[in-house]
There are 2 protein chains.
Amino acid sequence: MTQAPPCCEENLPPVLVITVDEMAAIAKALAHPARIRILEQFDECVPRVVGDIVADCRLAQSTVSEHLRILREANLLFARKDGPRTWYCVRRSVLHAFSRALDDLAIEPVLHQASGH
Amino acid sequence: MTQAPPCCEENLPPVLVITVDEMAAIAKALAHPARIRILEQFDECVPRVVGDIVADCRLAQSTVSEHLRILREANLLFARKDGPRTWYCVRRSVLHAFSRALDDLAIEPVLHQASGH
DNA sequence: CGACTCTATCGCTGATCGTCGATTTGTGAA
DNA sequence: TTCACAAATCGACGATCAGCGATAGAGTCG
């Protein structure tokens, strides 16, 4: 276990709004227990290397690498190469934007009425 | 368009916590643009019949019925039969529980530190 | 240079998904 | 009963997914 670099997300632009297609793409990336557990492994803003992530899954290295690719392409993880290793960290702003978009799908009646009809 | 009955969710118990497998199952149900759009169709707490939902999708009746089944089995929709029709409405508490669980995946560092390490 | 480590990608398999038309089931009306 | 209608289910098809071992490529250390 190597010394972790600072959080990877710090210099990325914050995510504000999401389209329906983007929501579906993010949901698809989350649609597997192994991928949820991988995200759960991340503590706060601390990046992790693939080897450690693999060690905490009961799956082949190639399978975990594939799950990481899926999470990365959905912008739920950010990858930073560091010599032979790759550090991953969670894109919390994307997760939050998705969670907010879900809440908007389920707007409270009272809020809806308050905005004018 | 028939007169809608009162909200279907009113007498269902609220959803509090979700397991990893349940999160993945909900995400899988959300992992298709057509299903997100179906949820978007619902206004506040107003139930809808299948015919109206089909009319707002560009998909065959059988395809929409299948999407509704998937949303229903993930507890994102609740169905109530009324004569030859079926009224659907959104289970907002499930959507909210899922959204909260996602936020927990992305706990802010400051909150995490405040709870003791 | 060669040997080794770390990670990503390839190729394959079986399983599941998305879509449709056709059919079935259930209900109410004539 | 007979008919019409609403919705669910069936059967089939191609497409995509999840898993693995094997391999490739990039980097490090002697």
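The values are calculated or read from the model by the stated rules, or taken from the named source; none is laboratory data. Every value quoted in this text rests on a predicted model; they were computed, and no experiment measured them. Quick reminder, even Gly has a Cβ in these numbers, built from the backbone with ideal geometry, and neighbours come from all protein chains shown. Heavy atoms of the whole protein, side chains included, go into the accessibility calculation; ligands, DNA and RNA do not. Shrake-Rupley method; radii C 1.70, N 1.55, O 1.52, S 1.80 Å.
A simple charge model with +1 on the Cβ of Lys and Arg, -1 on the Cβ of Asp and Glu and nothing else charged puts the dipole of the stretch A:16-105 at about 280 debye relative to its Cα centre. Compactness check for the stretch A:16-105: Cα Rg over 2.2 N^0.38 Å is 1.09. Relative to the other identical copies, B:Gly83 shows label-point distances of 7.4 nm, where the label point lies 7 Å from Cα along the Cβ direction and values run shortest first.
Once backbone amide H atoms are built at 1.01 Å from N, A:Arg91 has A:Leu77, A:Phe78 as its partners under 5 Å, excluding neighbours fewer than 5 places away on the same chain. Label-point distances for B:Arg69 to the equivalent site in the other copies, using a point 7 angstrom along Cα→C-beta, read 3.2 nm when ranked shortest first. Taking label positions 7 Å along the Cα-Cβ direction at both B:Ala34 and B:Arg72, the computed distance is 1.6 nm, reported to one decimal. The interface between chain B and chain A buries about 2900 Å² of solvent-accessible area in total (1.4 Å probe, ligands and nucleic acids excluded). Between B:Thr63 and A:Asp82, the FRET efficiency from the beta-carbon distance, with R0 = 35 Å, is close to 0.15.
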